[in-house]
Structures are given as C-alpha cells and as structure tokens.
Amino acid sequence: MILKSFRIQKYRSIQDSGEVELEGNLTCVVGKNQSGKTALLRALHKFNPHKSDPYDMRKDWPRGERRTRNPKQVVCRVTFNLSSEEHGELSALTSQQVTTITVQITKDYEGTFEVDFPEQPGLFPSRLHPNKADELCQKHLQLPAPETGEQFRATAAQCTEGVRQVVREGRYSELDGLVTDHNNQLRAAFTSGNPQPQHQHENSFCATYQQAVSNIRSQAQQLPTMQREAHEYIIKHLPTFIYMDDYQTFRGTTQLDQLEQRIKSKSTTPEDETFLMILKLSGLDLADLIRKGNASDEKTKRERQYDLQDAANTLTNDVAGRWGQNPYGIEFRADAQTFFTEIEEVDKTIGMIPLEEQSKGFQWFFSFDLRFMHDSEGTFEECVLLLDEPGLHLHPGGQEDLLKRLDAYAKKNTLIYTTHLPFLIDLREPARIRIMSEDNQKAATVIRDLGASGPDEKLTLQAALGMRLNQHYLVAQRNLVVEGVDDFWIISELSNLFARSGEVDLEHNVCITAAGGASEVVYMATFMVGQNLDVVALFDSDDEGRLQEARLRTKWLTRYKDRRAATCLLGDLVGVTVDYAVEDLFEERHYLELFEASHAEKLRQKGITTVTPAGSGPLSARLGRACEQAGILFNKGSVAKVLRQELRSMKSVGDLSTHTRAHAEKLLPELNKLFPG
C-alpha cells in the first residue's frame with residue numbers, strides 16, 4: 001500500500017491538520033520551532049509503529065480541553081493506494097467487482113482501526129462470501145434418501161435452496177423461523193397413502209434437516225464475514241511507520257568482549273546498536289571476531305585481518321559517493337579485542353583518520369546514512385519513514401548531501417521529513433513542500449500554498465530560494481517564473497506538444513519555475529534578477545496578478561540597473577481583456593468535465609453531479625467560488641494533472657481544440673519575444 005494522504009485531529013497542538021496530500025514518495029514539512037511539526041509526525045507514527053506506541057489521552061489530548069475527552073475520537077485518518085497485487089487479493093474476498101484502488105483507515109484513541117473504501121461503498125458487506133456460504137450449507141445440508149417420495153424431495157430441494165439464500169445474505173436470525181416453516185412444508189409433502197418405509201425416511205430427514213440448519217446458524221456467526229476478512233487483510237498489510245529524531249553517532253572504537261557482555265546482560269547502549277548494525281551491513285560476526293581475537297596463532301590473526309579488509313571494502317562500496325564534500329573510504333582493524341573504524345579521504349594524502357577524530361557533521365552523517373541504509377533496505381523496506389529535523393548539525397554542504405540521500409531513500413520507502421533549514425528544502429520540487437501554519441484559533445494546520453505561509457516559514461523559503469539561486473541551482477540563464485505548479489505543468493506540456501508538431505514552442509533554453517502564488521513570483525524573480533539572470537515573470541490576469549505585476553515592475557525591477565527582466569499578464573499575451581488564468585486556455589465545458597471526473601467522490605458525498613461556475617473572474621476562481629458554496633474543497637491541481645496527461649498523450653497540435661490551439665499559438669511566441677536577444 002502506498003501512502004497518499006493523512007489527516008491528524010485532536011493531538012496536542014493540532015486540532016485538525018487538514019488533509020495532507022502527498023505527491024510521490026518524498027514530502028518536506030517546513031515550519032518554525034514549536035509550530036507542531038513534531039506533533040504531526042508523532043501522531044502519524046503512532047498510527048502503526050514498529051514498536052508499540054499507543055495514543056495516550058492523558059498526554060496527547062489538546063491542553064485545556066479536558067471536559068471534551070473522548071476515547072472514540074479519531075486521531076489519524078490515512079489514505080492509501082492499493083498495489084495491483086493487493087487489489088487482486090482483495091477482489092477474491094468479495095462477491096462484487098472491485099474497481100477502487102483507494103482505502104481509508106482511521107485509528108482512534110482506543111487504538112481501534114476502521115477500514116473504508118470511499119470510492120466503492122458497501123464493497124465488503126457484513127456477511128459471508130457466497131462461496132463460503134455455499135460451502136457451509138453443502139457441508140450440513142444433505143439430500144433426502146432415494147426412498148422418499150418425489151414430491152417430498154422436490155420440496156426439500158426448495159427448502160435447502162431457501163436456506164442457502166438466507167445464509168448468503170447474512171440474515172441468520174431468520175433461520176429459526178424459516179426452519180419451522182420448512183418443517184411444515186416438508187410434512188405437508190409427505191408421500192400420501194401412509195407407506196411406512198417412506199414416512200420413516202421422510203421423518204428422519206426432517207429431524208436431520210432441523211439440526212443441520214441449527215449448525216449452519218451457529219457456525220455462520222463464527223466465520224469471518226467479507227467485511228471482517230477485508231478489514232483483517234488491510235490491517236495485516238499496513239506499512240510500518242518509523243519515527244526518528246535522535247540520530248545516534250558511532251565513535252568508531254569498541255571493545256568487542258565488553259560489548260558481548262552487555263548483549264548478554266541486555267544492557268546495550270544506542271551506540272552499541274549502531275555498531276552491531278554496522279557489523280551486519282559489513283557481513284561481520286561479533287562472536288567470530290572475538291574468537292579470532294583471542295587466538296594466538298598467526299594464521300587465525302591473518303584470517304581476521306582479511307575479514308576486516310573485505311568487510312570494509314564491502315561497506316565502502318555501499319557508501320561511495322554519498323558524502324559529496326570529500327569522497328572517503330572505510331577501513332576496519334582490530335588489536336586483540338579493540339575494534340577500530342578509520343576513514344581515509346580519497347582526494348587527500350593525510351592517511352587514515354579515526355572516525356572519532358572526524359568532524360561532528362561527518363560522524364553524524366556517517367552514522368545516519370548507515371542507520372538508514374540498514375532500516376530502509378533491510379528490515380524496514382517499504383515502510384513509512386518519518387524524520388524530525390534531520391541534519392541540524394550538518395554544514396550546508398552536508399545538508400545538500402543529505403537531501404540527495406533522502407531522494408535515494410524514498411525510492412523504496414515513503415519518506416516525510418520536517419525542517420526549518422533552508423538547505424534542506426528542494427525548491428526544484430515545489431510539489432513536495434508543505435507548510436506548518438496556524439489557523440484563526442492558533443492551532444497547527446498543514447497547507448500546501450507556499451504563498452499563504454506565515455512570515456517565519458516564508459522567510460525560510462525565501463532564504464532557501466536565495467541560497468539556491470546563489471549556487472545556480474534550479475535556474476538557467478533564461479527563466480520563466482509562473483505563479484503555480486499548474487501553470488508550470490500546462491505551459492510545459494503545451495510547449496512540448498508544439499515542439500513535437502514542428503510548431504513554435506517555448507525556446508529550449510528557458511527554465512520554467514513555479515513560485516507558489518503571485519506574491520511569490522515577485523520574490524523569486526527579484527532573487528533571479530539579483531543573480532544577473534534573464535527573467536520573465538508571468539502573472540494571471542486577475543486583481544492579485546495585476547497588483548503583484550505592478551509591484552514587481554515598479555517597486556523592485558527599477559532598483560536594478562540594466563536589468564534583464566520583464567513582467568507580463570497572461571491575458572495580454574493571448575489577446576484578451578477579461579480576467580484570465582492558465583485554466584482559461586481550455587474551453588470551459590471541457591474543463592468542467594475534467595473537474596467532475598477528478599472531484600467525483602467529493603461531489604457524490606454532497607449528492608450532486610456538478611457545480612456551475614459562479615460570479616466573475618478567471619474560470620478557476622469562478623469554479624472555486626461555486627465549490628465553496630456547495631461545501632466542496634476545490635483542488636485545481638487535480639484537474640491540472642489530468643490536463644497534463646491529456647496533453648502528453650496528444651501526437652500533434654491538431655488534437656487540441658480550436659480555442660486552446662489559437663490561444664497557445666499566441667502565448668508561446670509572445671513569451672519568447674520577452675527574453676533579451
């Protein structure tokens with residue numbers, strides 16, 4: 001199962017986090033200290049921890065709300081997508097065709113799990129699978145003896161089929177009344193003429209039949225229903241959630257025999273656990289090292305030294321290139337029962353240095369990386385990894401290396417980490433970033449709108465942006481800055497489609513960057529201009545877009561001499577005078593169809609099939625207003641994803657509607673003209 005979103009309620013500083021949607025396997029939650037980041041991860045971790053860690057109402061219920069404590073309160077609701085294998089195995093547990101790939105699981109303060117399939121309600125009813133019902137009936141219900149009358153046998157067949165139908169439908173309480181009615185029917189069908197042998201067989205069947213139905217009723221209530229089987233299957237297949245906030249470092253020197261004694265007395269330290277994990281990753285055995293360390297013959301000593309060299313090479317091959325500041329190699333050596341870990345920096349000639357003499361940041365990174373290599377690729381593969389403020393002690397260059405490693409970890413695991421460090425925010429992937437914010441009651445919530453973040457979080461993002469730009473990350477010489485990821489997706493794919501068709505597309509050396517709102521375009525473009533880069537800032541043709549475009553053009557760009565930058569409004573480029581956003585590149589009817597498809601579940605919950613855009617302004621604003629009136633949360637990113645896939649599947653611009661093609665044919669050349677040269 002792949003984690004897609006989660007929601008935390010009534011946990012410490014979090015009243016309601018809102019739905020935290022994840023894109024891909026790596027998500028970064030940005031927030032200041034005491035913003036609720038730790039509470040968010042702790043609550044999610046307790047959903048299904050590796051080691052028992054239940055919700056505790058005494059410690060975890062929000063302060064000042066003692067009278068409202070409720071053990072039935074749902075703390076965490078998690079939404080998963082099923083794998084194809086899980087989809088197939090669940091299909092075998094129900095009598096219906098399974099079309100859903102989504103499952104939602106909740107857990108309350110009592111630790112009770114509830115499983116739901118929101119896209120397909122009633123998929124697993126509270127009754128036996130028809131096959132199990134038939135097997136149970138087949139086991140107990142016997143046909144009348146051949147010596148019984150023909151009419152009696154026909155009536156018996158009808159009665160047994162009636163029992164099967166009731167059991168299939170789970171109406172077990174009706175079986176007592178049903179068997180009484182069947183007994184009357186069977187006796188009315190006794191063979192006429194009072195033939196003694198036939199009546200004996202028919203009486204015997206009636207008695208056996210009554211007992212058989214009684215057995216069916218008692219056993220049917222003990223067998224797992226389709227609902228229970230599905231529930232147990234889902235809970236059994238839940239990924240384990242692993243929370244890490246205390247990253248133990250390993251000094252590198254250990255007394256092997258003393259470690260063995262601590263293992264026997266069950267008094268190992270976290271550092272011991274790290275060392276044992278390193279032995280496991282290196283393919284070394286503690287008992288064997290101790291035995292060979294006590295040997296007096298030279299052959300055994302040479303064997304141990306060979307083992308240590310081979311193990312060090314094995315581990316070096318695994319970690320090569322992960323610490324980008326200075327590549328390094330690992331060497332193990334031992335003197336009697338003293339074990340040494342030494343590091344040699346590949347591009348230096350200073351020789352081997354004991355690990356404890358390396359920088360604190362390097363020691364941290366080394367221990368952290370090995371810990372995760374062990375956890376994510378070994379015992380905890382395919383788990384959900386939760387990192388609370390990793391890399392606090394690392395130099396910015398080390399934080400860069402850690403950020404690369406997080407990408408690697410996320411290939412096999414879903415990974416969520418919190419940070420307030422600018423260098424641990426990858427602005428090349430804005431869809432990964434979530435912001436810890438405060439609602440009107442000062443309770444912690446999670447938002448994805450970077451432009452709506454608080455001043456502290458915004459400062460972190462701006463610092464990250466400035467540092468990245470200063471290092472020429474994420475940008476090219478020529479940069480188009482757009483308001484959001486929706487603009488990025490749609491303009492990029494339209495340009496790609498025009499390129500495939502041999503038409504004028506966005507010039508290949510232009511890098512598109514999503515800012516996260518009109519106000520954030522101002523900040524991002526300003527930083528880029530300050531780095532002597534060519535910048536075109538594109539704003540929606542709405543009130544906020546016009547305001548921010550004027551702000552950038554008149555308040556910021558005028559401060560830079562010989563600036564190589566331009567601002568523009570989307571509507572002006574396509575030749576319209578009304579309010580206009582990227583969604584207006586598409587016909588309203590078509591966009592509404594995609595909205596209805598991507599928001600089908602939200603519409604169904606409200607008992608409606610569509611909404612009508614309300615008021616004035618760009619289509620997305622009018623549709624968002626109508627959704628708000630209907631009590632529906634409008635996610636234009638969901639529609640943009642579908643639009644992106646449509647554009648990717650098109651072979652030429654001829655597949656576009658007349659409206660979209662005409663507007664795109666104006667937009668792309670006009671954008672090219674705005675760049676110098």
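Being of a type in the set (Val, Ile, Thr), under 34 Å from the mean Cα position of the chain (by Cα) and over 19 Å from Ser541 (Cβ atoms): is that true of Thr612 here? Break it down into steps so the answer makes sense when it comes.
Working: of a type in the set (Val, Ile, Thr): yes; under 34 Å from the mean Cα position of the chain (by Cα): yes; over 19 Å from Ser541 (Cβ atoms): yes.
Here the answer is yes, as Thr612 does meet what is asked.
Return the total of residues in the range 157-174 being touching a residue at least 12 places away in the same chain (Cβ under 8 Å), within 20 Å of Gln227 (Cβ to Cβ) and polar (S, T, N, Q).
The total comes to 0.
For a quick check of your reading: which helices (runs of 4 or more DSSP H) sit entirely within the range 213-315 and have at least 3 residues that are out of contact with any Leu (no Cβ under 7 Å at 6 or more places or on another chain) and among the β-branched types (Val, Ile, Thr)?
Values: elements: 226-236, 256-264, 270-282, 286-294.
Hits in the range 213-315: none.
Could you tell me whether Gly607 is on the phi > 0 side of the Ramachandran plot, in contact with a helix residue (DSSP H, G or I) (Cβ under 9 Å, 6 or more places away or on another chain) and in a loop (DSSP other than H, G, I, E, B)? Please lay out each step first, then the result.
On the way: on the phi > 0 side of the Ramachandran plot: yes; in contact with a helix residue (DSSP H, G or I) (Cβ under 9 Å, 6 or more places away or on another chain): no; in a loop (DSSP other than H, G, I, E, B): yes.
Taking the combined requirement at face value, the residue does not satisfy it.
Just one of (1) touching a residue at least 60 places away in the same chain (Cβ under 8 Å); (2) among the aliphatic types (A, V, I, L, M); (3) part of a helix (DSSP H, G or I) trips up Ala154, so point out which.
Result: Ala154 passes all but (1).
Each row is one residue, and each column tells you yes or no for (1) surrounded by fewer than 17 Cβ atoms within 10 Å (Cβ to Cβ); (2) in contact (Cβ under 8 Å) with a residue 40 or more places away in the chain; (3) in a helix (DSSP H, G or I).
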residue: Cys568; (1), (2), (3): no, yes, no
residue: Tyr591; (1), (2), (3): no, yes, yes
residue: Ser616; (1), (2), (3): yes, no, no
residue: Ala662; (1), (2), (3): yes, no, yes
residue: Leu667; (1), (2), (3): no, yes, yes
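Any residue in the range 190-219 that is more than 14 Å from Cys159 (Cβ to Cβ) sitting within a Cβ distance under 7 Å of a residue that is among the polar types (S, T, N, Q) and outside any loop (DSSP other than H, G, I, E, B)? List the pairs, counting only those 6 or more apart or interchain.
Within 7 Å, the pairs are Thr191/Gln198.
Checking Leu370 against (1) in contact with a Cys (Cβ under 8 Å, 6 or more places away or on another chain); (2) modelled with pLDDT under 80, which single condition isn't satisfied?
(1)
Scan the range 4-56 for residues that are hydroxyl-bearing (Ser, Thr, Tyr) and in a strand (DSSP E or B) and jot them down. Explain how you work it out, then say what you get.
Of the residues in the range 4-56, the ones hydroxyl-bearing (Ser, Thr, Tyr) are 5, 11, 13, 17, 27, 35, 38, 52, 55.
Of everything in the range 4-56, those that are hydroxyl-bearing (Ser, Thr, Tyr) and in a strand (DSSP E or B) turn out to be Ser5, Tyr11, Thr27.
Using the structure shown, decide if Glu85 is assigned to a loop (DSSP other than H, G, I, E, B), surrounded by fewer than 16 Cβ atoms within 10 Å (Cβ to Cβ) and out of contact with any strand residue (DSSP E or B) (no Cβ under 7 Å at 6 or more places or on another chain).
Answer is no for this residue.
Of all residues in the range 570-589, which are in a helix (DSSP H, G or I), within 37 Å of the chain's Cα centre (by Cα) and either surrounded by 13 or more Cβ atoms within 10 Å (Cβ to Cβ) or of a type in the set (S, T, N, Q) (or both)? Quick ask: steps written out before the conclusion?
From the range 570-589, those in a helix (DSSP H, G or I) are 570-574, 582-585, 588-589; that's our starting set.
Cutting the leftovers down to within 37 Å of the chain's Cα centre (by Cα) gives us 570-571, 582-585, 588-589.
The answer is Leu570, Gly571, Val582, Glu583, Asp584, Leu585, Glu588.
Looking only at the range 382-428, filter to residues that are among the charged types (D, E, K, R) and free of Cβ contacts under 8 Å to residues at least 60 places away in the same chain; which one of those is surrounded by the fewest Cβ atoms within 10 Å (Cβ to Cβ)? Give the derivation first.
Going through the range 382-428, the residues among the charged types (D, E, K, R) turn out to be 382, 388-389, 400-401, 404-405, 407, 411-412, 426, 428.
Within this subset, residues satisfying the condition of being free of Cβ contacts under 8 Å to residues at least 60 places away in the same chain are 412, 428.
Working: Lys412: 15, Arg428: 12.
In this case the residue turns out to be Arg428.
So which residues in the range 115-145 are assigned to a loop (DSSP other than H, G, I, E, B), more than 23 Å from Gly177 (Cβ to Cβ) and out of contact with any His (no Cβ under 9 Å at 6 or more places or on another chain), if there are any at all? Let's see the steps before the verdict.
Narrowing the range 115-145 to residues assigned to a loop (DSSP other than H, G, I, E, B): 117-129, 141-145.
Keeping just the survivors that are more than 23 Å from Gly177 (Cβ to Cβ) gives 117-124, 129, 143, 145.
Matches in the range 115-145: Phe117, Pro118, Glu119, Gln120, Pro121, Gly122, Leu123, His129, Leu143.
Could you tell me whether Leu415 is modelled with pLDDT of 80 or more and either out of contact with any Lys or Arg (no Cβ under 9 Å at 6 or more places or on another chain) or in a helix (DSSP H, G or I) (or both)? Talk me through it step by step, then tell me what you get.
Working: modelled with pLDDT of 80 or more: yes; either out of contact with any Lys or Arg (no Cβ under 9 Å at 6 or more places or on another chain) or in a helix (DSSP H, G or I) (or both): yes.
Yes, satisfied.
Tell me which residues, restricted to the range 491-519, are of a type outside the set (Gly, Ala, Ser), assigned to a helix (DSSP H, G or I) and surrounded by fewer than 21 Cβ atoms within 10 Å (Cβ to Cβ). Break it down into steps so the answer makes sense when it comes.
Taking the range 491-519 and keeping what is of a type outside the set (Gly, Ala, Ser), we get 491, 493-494, 496-498, 500, 503-513.
Within this subset, residues satisfying the condition of being assigned to a helix (DSSP H, G or I) are 491, 493-494, 496-498, 500.
Hits for the range 491-519 are Glu493, Asn496, Arg500.
Say we look at the range 332-348 and pick out the residues that are farther than 18 Å from Gln305 by Cβ and not charged (D, E, K, R); which of these is modelled with the highest pLDDT?
The initial filter retains those residues of the range 332-348 that are farther than 18 Å from Gln305 by Cβ, namely 343, 345-348.
Narrowing further to those that are not charged (D, E, K, R): 343, 346.
Details: Ile343: 81, Val346: 58.
Going through the qualifying residues, I end up with Ile343.
What number of residues in the range 122-145 are within 15 Å of His231 (Cβ to Cβ) and out of contact with any helix residue (DSSP H, G or I) (no Cβ under 8 Å at 6 or more places or on another chain)?
Number of matching residues: 1.
Can you tell me which residues in the range 253-303 are hydrophobic (A, V, I, L, M, F, W, C) and either farther than 21 Å from Glu356 by Cβ or over 37 Å from the mean Cα position of the chain (by Cα) (or both)?
Going residue by residue through the range 253-303, those that are hydrophobic (A, V, I, L, M, F, W, C) are 256, 259, 263, 275-279, 281, 284, 286-287, 289-290, 295.
Across the range 253-303, the qualifying residues are Leu256, Leu259, Ile263, Leu286, Ala287, Leu289, Ile290, Ala295.
Just checking, does the range 62-79 include any residue being surrounded by 16 or more Cβ atoms within 10 Å (Cβ to Cβ), within 26 Å of Leu402 (Cα to Cα) and touching a Leu at 6+ places or on another chain (Cβ under 9 Å)?
So in the range 62-79, the residues surrounded by 16 or more Cβ atoms within 10 Å (Cβ to Cβ) come out as 62, 73-79.
Imposing the further condition that a residue be within 26 Å of Leu402 (Cα to Cα) reduces the set to none.
No, the range 62-79 has no match at all.
The values are calculated or read from the model by the stated rules, or taken from the named source; none is laboratory data. Note that this is a predicted model, so its numbers are computed, not measured. Cβ sites come from the backbone with ideal geometry, for glycine too, and all protein chains shown count toward neighbours.
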